[in-house]
Amino acid sequence: MFTFPITNASSVPEDDEMLEIGSAMESEVEREAEKLREDLKFYFMSPCDKYRARRQIPWKLALQVLKIVMVTTQLILFGLSNQLVVSFKEENTAAFKHLFLKGYTGVDEDDYSRTVYTQKDLYDGIFYVIDQYCQIGNLSLGTVSYESEEKRKGLKICKQHYHRERIYSSNDTFYINPAVETECLHLEQELLANRPSCDRNVNSSFFNLEFYRLIKVEISFRLKGIDLQTIRVRELPDCYTFHNKITFNNQAHSGKVKIFFESDATIQDCKDWHISGSIQKNTHYILAFDAFVILTCLTSLILCSRSIVLAIKLLRRFVRFFLNKYNRHVSSADRLEFINGWYVMVIISDLMTIIGSVMKMEIKAKNLTSYDVCSLLLGTSTLLVWVGVIRYLGYFQKYNVLILTMQASFPKVLRFCCCAGMIYLGYTFCGWIVLGPYHEKFEDLNTVAECLFSLVNGDDMFATFAQIQQKSTLVWLFSRLYLYSFMSLFIYMVLSLFIALITDSYETIKNYQQNGFPTTDLQEFLRDSDVVFGTRTQNCERRWPDAAALICCCPRNRGDDDSILIN
């Protein structure tokens, strides 16, 4: 037989041992909570408070200040260079109009350059372009000339017309085939260059225009040019190819032929250039400065990306702890507090600055000619950099009103704009279809929208009323009702309500600053303890009172230890 030992009741764990295990677990949870709370409070501190707490130098703040100076300087240098490019293109366009448009007075007529009303004037205008092109080397005061030897294309003249039919206006009879035919004639540059004055009899059958079916005549040609004015600012010159097109538009067949001039300039690499002096050295200095800007932005990009990664890890810790201890999920509003939108904006700005700086270096070295794309990148990045300064002003309660007001009013304003936009679009379509034939500001939808927006802001009111043509009494009366109702509705009601929404948000934020903001779960968790590095801050201030005063530009009161600032 087997005998089993009898277990004594005294060997069963006592209740006090269970209590000790439970208290140990609770103390472990409390230590984890205190550690998490301490990390959260440090995360939401301002750069000055972080320096006081852990002597952590605000590298990102110093880097952003340095980046503002460098990016702004870079933008100014590029803007001065880009200004020369724009002025060179505009001045050449004006010179070409005087050279190739017969009778051009220097002022465009509406959106076109000139108009002709007789057949003789149209023929004279076409052959005047050909004659001027033949003698461009002896006429132009600029550096323009024909294309290089291997790309001589000369003039290209194309005419568009309807299929051959007949029109008899006297008895209101016409026979029209809407099919459009296009005929082109190439006048080679070598042929034209050998003529002191171009012969009008060349291919005379092509220039025998039948105006009753003529739609338009297009003359296109290319010219080369060099911008030498950049040498004055110690930059390498640019070489240009001007793609010019002159259009004699007869689409309306109203007896009025509109002449359009279009000039599209493309920048190309100059071949076989030799420049002496200090221009090359100056270019090297600017390229070195751009490289330093790229290095600074890359460092800022790495630091901000690291901060976002650490914030996401901290968010996961907080969500996991909150779920284990309170069996609750963290609200979406509290989750968004960890995602610092300013860091995201800085990252976007840094990426745009890096790409724009690389393009600027290529443009400076004459390997790239995308001035517009580079301007877009550098301009937008500089805007974001300056806007990012508001983040550091937001750590001060008196300067944080703008940011908080914009955050509070944005959802309301967005909903309000959606409703007001429906009314605005209704007035836009109505004004376009009714007033378009009688008012130049209502000829197309884009112009109507711009005109109505200017009226909302009180601009150009009298001119809008006065320019309506009184050809139709009904339309004239409708225009008065239309304009009076629009301005009364949008200026006195819509605009006032728009301002009232923002004012209401401002008053709400101002009241919160005086009486306290509504608390969230995250704020309640942080206020459960007084761990704000107060002891360490006092010790640091006793050791380095002068250094803290110099580095931390915002003096801190000890009574502010219980206050936090959420992103």
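The values are calculated or read from the model by the stated rules, or taken from the named source; none is laboratory data. Note that the coordinates shown come from a computational prediction; the quantities given were computed from them, not determined experimentally. So basically every Cβ, Gly included, is an ideal-geometry build from the backbone, and we count neighbours across all protein chains shown. In case anyone asks, the SASA skips ligands and DNA or RNA and just uses the protein heavy atoms, side chains included. Shrake-Rupley method; radii C 1.70, N 1.55, O 1.52, S 1.80 Å.
In the context of the full set of protein chains, the stretch 50-149 has a per residue accessible area of 51 Å² (1.4 Å probe).
Stretching the chain fully between Glu32 and Arg55 yields a gain of 5.9 nm (0.36 nm per residue, less the alpha carbon separation).
Calculate, for Arg164 and His186, the FRET efficiency according to 1/(1 + (r/R0)^6) with r their C-beta to C-beta distance and R0 30 Å; round to the nearest 0.05. So the FRET efficiency works out to roughly 0.80. Extending 7 Å from the Cα toward the beta-carbon at both Thr520 and Glu91 defines two label points whose distance is 5.7 nm. Ligands, DNA and RNA left out, the 1.4 Å accessible surface of the stretch 21-161 is 57% carbon and sulfur atoms. Remark: for residue pairs Lys156/Lys366; Lys67/Lys364; Lys120/Lys245, the C-alpha separation exceeds 27 Å in Lys156/Lys366. Expressed as a whole percent, the accessible area of the stretch 441-516 that falls on carbon and sulfur atoms is 62 (1.4 Å probe).
A full extension of the chain between Arg320 and Ser305 corresponds to an added length of 3.1 nm, given 0.36 nm per residue minus the alpha carbon distance. Taking each residue as 0.36 nm, the span from Tyr285 to Phe429 lengthens on full extension beyond its C-alpha to C-alpha distance by 46.3 nm.
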